[in-house]
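So the structure is just underneath, and the comments pick up after that.
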Amino acid sequence: PPPQAADDAAAGGAAPASAPPATISSFPATVHPQGMPIWGWLPPQHALGPRKRVAIGQRLHKQRIEAYEPLTALTEEEEDAVIEFFDELQAEHPRSDSLKRLVLHFLTGDRFRRRLDAYLRARLRKGIPSLFRMMRPLYFQAGKCEIIEELLLQYNKHLEEEVSWFGPLPGGDAAPPALDDEEPPPSLLFTRMVTADHYDFLGDTTKALQYADSAIEHTPTLVEIYACKARIYRHAGNLEDSAKWYEEVRSMDLADRYLNTQCVRALLRLDDTQGGLEKALLFSKEPDSPEAANLHDMQCMWYESHVGRSYCRQKKYGKALKKFGETFKHFSDIAEDQFDFHNYCLRKTTLKAYVAMLRMQERLYSHKFYRRAAKDAIKIYVELFEMKARGEAITAADQNGDSRAEDMSAADKKKMKHKMKREAAKVKEEKDAKAAAAGGKVRKVDEDPDGEKLLEKDPMEEANKLVKTLVLYCSNDAATHVLTYDVLSRQGKWLHCLQSLIRLWELVGRDATAYKLVAPLAHFCFVADLGGGGMHPAVREVILSEMAPILGADKAFADLQALRAAAAKVVDQVESRIKGNPALPLIEVMYGVKCLKLAGRETKGFLENEWSPQGAFALKECSKMLNFFATEYGKDSQLWEKFKKRCLDVFPLMVAA
């Protein structure tokens, strides 16, 4: 049957959505209503829902893709009916791999073990490098991870025997086969590689590296096992060793663009932007070019995103904004290019492709690459605004501390500006003359390589432009409204901030204690100047009325004190959740601590003396928490050292700067 319409909790608390179209009845809800895959795009309204965090071993994983699994547990008779249904389809399509894999999502116990065993044996014998990727959705279903591990350990044990075999079938007690029927050597190799991926997914880095090293010792020429080892180091937080192994992988097959891309990404994670550029240009049309102009012409947005984030980590905000600006230009070009297709599609009567193109244009600015660039750029603009407020230097001229400019008159400043322009023009002419004398093509010179002109613009004005686009096209994304609040609260636009809070409250399931909402909510209730004389009484009345449903009140608040009293109850719930649940995900703890701080409550004593995080961890959340503690309390604080030690218990190879 077609998936049911999402309720308020699953759909983020928005108005009840209508039933999804019948065109997607054969697909998960994360498929676009028109039957088009939505990789990179925001999901439709009916598919909205909180991403599940699932503890698998020592790691906390997000279930990013909706799995093919029953909504309720199946009985034995129903499982037999599912097996019969898939067996009939397999008889009609004997070469289909998907039919053999999809049935695994609906089975449990011995039925699952038998089917999985048959599935794994054939593919390990054949040597399929992507086998673990196909198995990974099964880990999010209870009880199946243990069965997978039992089978893999059985395979490793028996394949290492004198006569290599996979071991007895489930429920059987077979003897080893004859020497002529033993398994080929690659079976052990790929079994070790899948086992290494398995333990890496569980967070057992030591065992994962042991199996990876044994696979390399077995066959030192297999590229995929070196890539597996590089992934293990990356997931363990050791980016330097990960980049070293990705470079080894790249050097083993210099003609593989994918392996080269992985090496570039690994270098950019280390903030080696020059090394990443040199590797990326190896597959461009102009490998000898010192600039990435060709990458820009090819609209290589993944590269611009990674380089921009690297510059951001290095505090080179001007260069980061230039890279994000290139991504914005790509989307503007795509929007302009649609005009070339209107007459063409109508003339050729390719109406299906024409309608698909129009639908794509309607949600163009909700694509992942645009959202990512816009969010990172907004965060930079907010940081620049804060730096200006603190009186810190932003541009290179400010950072160089040119004290003479402060003492100069307006006329002298103007003369210095013209002098600098003449010098820059002279340098440009010399470069062009040298290029022309050598018979080469005169290249366009970037007059602002460090993005200084972008840093001179008003950060709030530029952030407002991006926020407006995100609200218009990405209103289903919770991060849109968090960033909108961050930008508009600094400008004192409290009605717009109220709109962001309401929409965010709806997206998180109308739960006032949701971790994404609590920090902006506490800021609005306790820090924002809602009682100032500059606020119009009508605006204050709207705020007191519209905040009532969010804070659980039946009617509008009488005054600001009543609003803050209701908000204090929400903060109490957040505080009790942090103190009473040591297994709370770190990201929720971090936002909860921000909420308590904005509400004027002290948390440092509790965090230093009583807080002991338990359960599964995610590397990304650990890094965010370490950066938060470093910003709030400093890296020399007891709290930062305590949490770093806890992170190293889970990620022993993690490098914490």
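So the label point goes 7 Å from the Cα of LYS579 along Cα→C-beta, right? Which residues of region 600-623 then have their backbone N under 19 Å from it? Of the residues in region 600-623, 600-614 have backbone N under 19 Å from the label point off LYS579. Amide H contacts under 5 Å for PHE617: ARG59, LEU60, restricted to partners 5 or more places along the chain or on a different chain, H placed in the peptide plane at 1.01 Å from N.
Taking the chain as the reference, fit the longest principal axis to its C-alpha atoms, fit the long axis of helix 351-362 to the helix C-alpha atoms, and give the angle between the two in degrees, 0 to 90, nearest 10. It is inclined by approximately 50 degrees.
The value of relative contact order for the chain, using C-alpha pairs under 8 Å at least six residues apart, is 12 percent.
Computed from Cα atoms alone, the Kirkwood hydrodynamic radius reported for region 95-157 is 12.0 Å. The reciprocal of the average 1/r between distinct C-alpha atoms defines the Kirkwood hydrodynamic radius, which for region 254-385 equals 16.4 Å.
In the chain, the portion of solvent-accessible area held by carbon and sulfur atoms comes to 53 percent [1.4 Å probe, whole percent, DNA, RNA and ligands not counted]. Built from the Cα atoms of the chain, the convex hull projects on average onto 39.7 nm², one quarter of its surface area. An ellipsoid equivalent to region 574-645, defined through the eigenvalues of its Cα gyration tensor, has semi-axes of 16, 15, 12 Å when rounded to whole angstrom and sorted largest first.
For region 513-657, the ratio of Cα radius of gyration to the globular rule of thumb 2.2 N^0.38 Å stands at 1.22. Semi-axes of the equivalent ellipsoid for region 196-262, computed as √(5λ) from the eigenvalues of its C-alpha gyration tensor and ordered from largest down, come to 19, 14, 9 Å. Rg and Dmax over the alpha-carbon atoms of region 219-304 stand at 13.1, 41 Å. Of the trypsin sites (Lys or Arg not before Pro) found in region 550-653, those that fall in a DSSP loop while having at most 10 other beta-carbon atoms within 10 Å are LYS555. By a 1.4 Å probe calculation restricted to protein chains, ASP87 has an accessible surface near 60 Å², given to the nearest 10. For region 154-213, the normalised intensity computed at q = 0.18, 0.31 Å⁻¹ comes to -0.67, -1.18 (log10 of I(q)/I(0), Debye sum over alpha carbons, equal scatterers, no solvent). Computed over region 103-190, relative contact order equals 32 percent, with contacts defined as Cα pairs under 8 Å that lie 6+ residues apart. The angle between the Cα long axis of helix 144-159 and the main principal axis of the chain comes to about 60°, on a 0 to 90 degree scale.
For the chain, the solvent-accessible area of protein heavy atoms averages 53 Å² per residue (probe radius 1.4 Å; ligands and nucleic acids excluded). Kirkwood analysis of region 144-283, using all unique Cα-Cα pairs, places the hydrodynamic radius at 16.5 Å. Take the Cα radius of gyration of region 480-589 and divide it by 2.2 N^0.38 Å, N being the number of residues; the result is 1.06.
The values are calculated or read from the model by the stated rules, or taken from the named source; none is laboratory data. Since the model is a prediction, treat every value here as computed from it, not as a measurement. Because the Cβ atoms are built from the backbone with ideal geometry, glycine has one as well, and the counts that use them run over all protein chains shown. Heads up: the accessible areas ignore ligands, DNA and RNA and are worked out on the full protein's heavy atoms, side chains in. Shrake-Rupley method; radii C 1.70, N 1.55, O 1.52, S 1.80 Å.
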